[in-house]
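The values are calculated or read from the model by the stated rules, or taken from the named source; none is laboratory data. Keep in mind the model is a prediction, meaning the values are calculated, not measured. With ideal geometry, Cβ positions are generated from the backbone for all residues, glycine too; neighbour counts draw on all protein chains shown. Heads up: the accessible areas ignore ligands, DNA and RNA and are worked out on the full protein's heavy atoms, side chains in. Shrake-Rupley method; radii C 1.70, N 1.55, O 1.52, S 1.80 Å.
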Amino acid sequence: MHRQLIFFKTKSSLLVFVFIMIFSNLAAGCSLVIQPADSTPIPPAPTYPKHLNPVDLVNVAFTVLIPAPLPDGEKLAVDILDEVSGLPLNIKRHELEMLDETHYQTSISVALGSDIKYRYVRLGSSIYTEVNVAGTSVRYRMVHAVRGLETEDIITTWPDQPYAGTTGRLYGTVSSNVDQMPLPDTLIIAGGYQTLTDMYGKFVIEEIPVGIHNLVAYSIDGSYQTFQQGARIMENMATPADIKMSPLPLVAVTFIVTPPADAVGAPVRLAGNFYQLGNTFADLSGGVNTLASRMPVLSKLDDGRLMIKLQLHAGNDLRYKYTLGDGFWNSEQGLNGSLNPRQLIIPAEDVVIEDKIETWRAKGADPVTIQVTVPESTPESDSVSIQFNPHVWMEPIPMWPMGSNQWLYLLFSPLDQSDLLSYQFCRNDQCSLAYDKDSFNDPYLLDYGIQDSYQHSVSMWHNWIPTDIPTNVVAADIPKREETFVTGIEFLPKYHPSYQSRYSIVFDELISVGSNWIVLTPTWKLNDQAALPLLEPVLGISPLTHDMMEMIDLAQTAGLQVALYPQIDFGDKYDVWWLKASKDDIWWQEWYSEYERFLLSYAKLADVAGIESLIIGGDQILPSLPGDYLLNDSDALAPAIAENIWTETLQNVNAAYQGQILWALTYSDGFNTKPVFVDMIDAFYVQFNTKLIDGIYTSNLQGLEENLNNILDTDILELKSNFNKAIMIGISYPSADGAAQACVVLDNGTCVDTISLSPDDPILDEISIDLQIQVDLYNALCKAIIERDWIDGIISRGFFPPVKLMDASSSLNGKPAMDVLWYWYSGLK
């Protein structure tokens, strides 16, 4: 049945709209209702369970040392932050009292056991938020509220005052005080910095100002009690910290909530400060930390109330709120318009929490109705998102499917008649790549108070142009291969927390095309601001260990074997970085130490998660290998002891991980490196990035096939013959003009020497898309590789999981070349 929703511009017609909404949604087997604006919600009575002990309040004293006296007329304040709504979106500001020119103090009252997240600001003609030595704004400091707590902080500096002091290093290990097991994914906060522990519970923070700082270790899922102590940092010294954390027992917490009579039938989510409730702990767009797509959805009870049962850890400070969006948009409001999340110090026993939502509305105002009709060509597995911009683009929010390619969102809050709010649409929360072209180029404006209903149509999605590119394959019968033959997909080493909700769908799709392997490529970032190389997981860029374990479990449950290929995010081209690095003896010592820490962390993850294969090597670390390897005609000058260091590192990897180890080799015009440490590895992963034809590409595949066969039967076969190791070949060619020549052609005719292009690479704007050449290349490559029984597998590299795109990148997700892969992969089954 085709449904059409009717929209009204006047508030007087809203009641009619209610009946239309009820009728149209009941026809689809669902219910979505809006109450009139004059139905003022009744404030709920306190619903905290009577059998729980009353919350004890304690005073927390803040004393702070500033780097220099404040300018005349300025004040100092501490901002108490709300991580559920968003760090800059619900601030409680407390001015401090001056003790002397550089010391200030205040005290606030909080619930005993609270985890307070805060930072300092200067108040004057401008507001300055404190920054660390690197000049980066402090996200937040943290203190755990206990009786008699007096916290002393040192402000590093302000944005308008460069730091001129001395620094030291903080490093350590976090483990359980019960079984001494290391605790990964522990958030470490000290001196205005945040970092995460690795799989061995280790962490490093560079460039902390000299002095005593409050060091906090915080469990992102609440499984351990928050730890805090003072850490003394000394000039040019490394301060060790051996942190023991106490595990907290699991209890069942059941939330039962009575919602308003608004938007009945729309998904209600539970947003909170822990990982389980959508907190990514990353600095996301607009300063938010939570994502709607990662929050649990409540289920409806027969009496109209909503319910969710969670396993949480006793003793934790839980902050939470109910929402029709995320922690900010459409989250529950107080009748006075407050955004404050609820607080619960989780008791040591199973508990039922009965809540009542006062309202979704901003100051009792009517919601704004936004509906969009999307093209029929939109992939069936896609969701449609709406992204709001009050002053900066925020994180997208999933809209509500209404059938017949229509999506709906009712915006309840926050709304302010004095502001103009802009918005746009995109697919799967990927608003920088898969957006509605019209609203991206000219965002829609929501003029609240003038119009309360908007209807739009998406004429075309960016990077999604349905096409009839032929995928006919030129092949004889597909040869029989062993069941162990690898038909794999390698993900791009790009990550954003919004990807997480798509993996279950993607893994099922990969199984359907005949894949049996998935290669995951998590990253750590190289810290360029430190004097010596520092590798560290970065929130929002590096997947959390919790994310990786969920990803691995989903893949294995779908029937995929998992390989782990950890990568380094150099922030720039890695060859440029290597050329600029100092590479003296001390530098090399630190590089090898950091790289081993990085590698061993993922080796342990692979072992704990039961991953079948670990891939190491590749061009990224080429200059650190023994031998004279060149980058841009310059000698990398690896030290003479490189071979000994690498041998010891691989011995440690083999001790930490019991599965198969693959060594990655890049094949361009020959191998970029010679095989090394062959007796310590099980197989080769040949990353096939080479020119396959000369001159202008045509539809005649003869020259391409001849060149390809020659390469396989000479250089690649020689690798197999010399070392008698299994060989998997990874292929990655973009859907771009010039792909067969191992370069891509820009609009001005320039040929860029690159073959693995990410969808977010800005150079794609200058490249001509050619979906046909990717089809032809993958057909020729699959045919040639699969026909050779001495090759043990084929892996398509550069897959971008969160969204299907028809762009010039190397990702096959959504492109005609994916059908080619299905033909060959499925034909082997």
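Summary of computed values
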| quantity | calculated |
| --- | --- |
| Positive-end residue of PHE688, SER338, HIS456, charge dipole of the chain with Cβ unit charges | SER338 |
| Carbon and sulfur %, accessible surface of the chain computed with the full protein complex present, 1.4 Å | 50 |
| Rounded to the nearest 20 debye, dipole of the chain from Cβ charges on Lys, Arg, Asp, Glu | 2260 |
| Cα-only radius of gyration and Dmax that characterise segment 158-223, units Å | 13.8, 47 |
| Computed lengthening from SER109 to THR254, 0.36 nm per intervening residue step minus Cα-Cα distance | 49.4 nm |
| Lysines whose Cα lies under 16 Å from that of LYS244, excluding same-chain neighbours fewer than 8 positions away | LYS202 |
| Global geometry of segment 58-172, whether rounded, prolate or oblate, following the gyration tensor of its Cα atoms and the 1.5 cut on a/c | rounded |
| With all protein chains modelled, accessible area of LYS244 [1.4 Å, Å²] | 80 |
| Inter-label distance for ASP303 and LYS244, nm, one decimal - labels placed 7 Å from Cα along Cα-to-Cβ | 4.8 |
| Cα pair distances in segment 644-737, grouped into 5 Å bins until the bin that holds the longest one, percent each | 3, 11, 20, 20, 16, 12, 8, 6, 4, 2, 0 |
| Accessible area per residue in Å² at 1.4 Å probe, computed on segment 570-687 | 42 |
| Local electrostatic count, ASN316, Cβ distance below 12 Å [Lys/Arg +1, Asp/Glu -1] | -2 |
| Ranked order, ASP765, ASP792, ASP776 - accessible area, probe 1.4 Å, largest first | ASP765, ASP792, ASP776 |
| Reachable lysines from LYS480, criterion Cα separation under 24 angstrom, eight or more residues apart if same chain | LYS720, LYS725, LYS783, LYS829 |
| Under 16 Å from the Cα of LYS117 - lysines, other chains or at least 8 residues apart | LYS92 |
| Heavy-atom accessible area order for GLU235, GLU358, largest first, 1.4 Å probe | GLU235, GLU358 |
| Cα centre as origin, Lys/Arg/Asp/Glu Cβ charges: segment 276-386 dipole, Debye | 280 |
| FRET efficiency estimate (nearest 0.05) - Cβ-Cβ, ILE586 to ILE127, R0 51 angstrom | 0.80 |
| Axial C-alpha extent at least 18 Å, average Kyte-Doolittle at least -0.5 - helices from the chain (DSSP) | 14-27, 545-558, 585-608, 642-656, 771-786 |
| Reduced Cα scattering model of segment 556-623, Debye log10 I(q)/I(0), q = 0.26, 0.28 Å⁻¹ | -1.21, -1.30 |
| For segment 105-227, with +1 on Lys and Arg beta carbons and -1 on Asp and Glu, the positive-most of SER125, VAL138, SER223 along the dipole | SER125 |
| Rounded to the nearest 10 Å², the accessible area of GLU509 at probe 1.4 Å | 50 |
| Projected label distance in nm at SER404 and ASN236, using a 7 Å step from Cα toward the beta-carbon | 7.5 |
| Largest-first ordering by accessible area, 1.4 Å probe, given options TRP400, TRP393 | TRP393, TRP400 |
| For segment 388-493, size of Cβ-based charge dipole, Lys and Arg +1, Asp and Glu -1, in debye | 280 |
| Rg ratio (alpha-carbon, reference 2.2 N^0.38 Å) - segment 699-740 | 1.44 |
| Radius of gyration, Dmax [the chain; alpha carbons; angstrom] | 28.5, 86 |
| Accessible area per residue in Å² at 1.4 Å probe, computed on segment 409-551 | 41 |
| Dipole axis of segment 534-595 (+1 Lys, Arg; -1 Asp, Glu on Cβ), positive-most option in MET548, ALA581, LEU535 | ALA581 |
| Solvent-accessible heavy-atom area per residue, rounded to whole Å², over segment 222-334 at 1.4 Å | 33 |
| Additional length obtainable on full extension of the chain from ASP56 to ASN644, 0.36 nm per residue less Cα span | 205.8 nm |
| Nitroxide proxy distance, nm - points 7 Å out along Cα→Cβ at GLN311 and PHE671 | 4.7 |
| Cross-link pairs beyond the 29 Å C-alpha cut-off, checked among LYS525/LYS674; LYS363/LYS804; LYS309/LYS815; LYS75/LYS363 | LYS363/LYS804; LYS309/LYS815; LYS75/LYS363 |
| Estimated 222 nm signal from helices in the chain, with DSSP H stretches of n ≥ 4 weighted -39500 (n - 2.57), rounded to 500 | -5000 deg cm²/dmol |
| Area accessible to solvent at ASP584, 1.4 Å probe radius, in Å² | 80 |
